[in-house]
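Step one of this worksheet: look at the structure below.
The values are calculated or read from the model by the stated rules, or taken from the named source; none is laboratory data. What you are looking at is a predicted structure, and each value in this text was computed from that prediction instead of being measured. Cβ sites come from the backbone with ideal geometry, for glycine too, and all protein chains shown count toward neighbours.
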Amino acid sequence: MRARTAGRPGPGPGGDEASTAGTRLFLALARVVAAMAEIRGVRSFTLPYPNAAQHALDRAVTHCLDIGEAPPRSLPELLRWCRVRTSDDRLFGVPASLVTPGSTLVHPVGLFPTRTCLEAASHGEPGGVEREAHTLLGDLADRCGYDERFRRCRSFLARHPVVQQRDRFGPGWSTSVWTRVRGLYQPLPTSLVVDGLAVRCPVCGLPALPGRGGRTPLPGQRTADDEIWCEGESCPRDADFELIREPEETLVLRRSLRAFLVLPYRVETAALKALAGAGIEYGALPGSSGGYHLPAAGTGTVDLRMYDRTQPGLLAARLAESPPLADRTFVVVPPRLAARDGYRAAFTAALPGPLRERLVLTAPDDLVRRIGSPTGGGIQTDRPNQEGTTDDA
């Protein structure tokens, strides 16, 4: 029997009125920064400003006067605050249960929206960055059908966030898949080009950028974390960044899909590989783009959901907004997040009480053990099927 839990989170846990207003301001600014970065980039803004940006500036001025802070004199100054003033700053006072203290909306090196910004911009909104990703995938599924064709297209998108001209003549390129997904790509923004070159992270495959005044790293040249930024934000710097020498002939996947498909897809791939290696059957959930069910779960229903979210409180709020219906759901995140100090505790604490017993946070390398434990679903292993594999062809 599938359990149901209703409830929609507000802007955050309780607190005084100023703190609540600050949290709402933080979330509003997240939406503005995310939207303006898509239009013009955060590094430079010109008049006229979008209405939403002007409204956020007016709200920030009013809030500053209410709490006795000197208000920002312009939108560029407010956006500079988004780079240096953190979520726990007096200006915002966002509860630690919602956003990890020390988080900013604009990355200090890349000067692009942080992953925290994109996650906050998707919180509690009917639209938002995450919703756009789901809408784009839903439209693609409607064109393909929820079948092998859609699986191949979705896999292609996740594996090819950046497409160069030469890729189209390489081995394994599928013209039929490209025809269906081409509209989800756009020219590489000029804001990601430095000295006529662009850079791609070798770990996450997403665009990267040297800091202001920095130079594009050459092959064999090591870079420190404070010298270059990539959209994955937490990738190790063990390998050379890939140079894109013809950025004008390069296409990049929509930003919402880079954040909410490409990043969690690596988790999905690792989790399904672990299940297949243990002989555990799984099947894709209908209408899902990253959810799976385990049919050999005995009397209870067991699902898997894959995420790569830097903010555990916002992840918990997302799941509370649309609770999984299974008796037990494994929320699978990258090992680095599952092992991050306080991440698991913050996620659990932010869940509504009824969900804490049904949602289990884990990583791909610990998934099989969790599934086989008495409190983790009691799954019996069986021969795996092929649904949910990740071949492109």
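For this structure, a couple of remarks:
- Condition check for residue 168: of a type outside the set (A, V, I, L, M), surrounded by 18 or more Cβ atoms within 10 Å (Cβ to Cβ), modelled with pLDDT under 95 and not in a loop (DSSP other than H, G, I, E, B): no
- Here residue 102 passes the criteria (1) modelled with pLDDT of 95 or more; (2) more than 19 Å from the chain's Cα centre (by Cα); (3) at positive phi except the one numbered (2).
- Figure legend. Inter-residue proximity from the range 118-145: first residues among the hydroxyl-bearing types (Ser, Thr, Tyr), second residues modelled with pLDDT under 95 and not in a helix (DSSP H, G or I), beta-carbon distance below 8 Å, spacing 6+ or different chains. No pairs are indicated.
- Across the range 282-292, not a single residue is classified as buried (at least 21 other Cβ atoms within 10 Å of the Cβ), in a helix (DSSP H, G or I) and in contact with a helix residue (DSSP H, G or I) (Cβ under 9 Å, 6 or more places away or on another chain).
- Filter result for the condition that a residue is modelled with pLDDT of 90 or more and closer than 29 Å to residue 352 by Cβ, over 29, 57: 29
- Of note, residue 116 does not satisfy the criterion of being among the β-branched types (Val, Ile, Thr), under 26 Å from residue 308 (Cβ atoms) and assigned to a loop (DSSP other than H, G, I, E, B).
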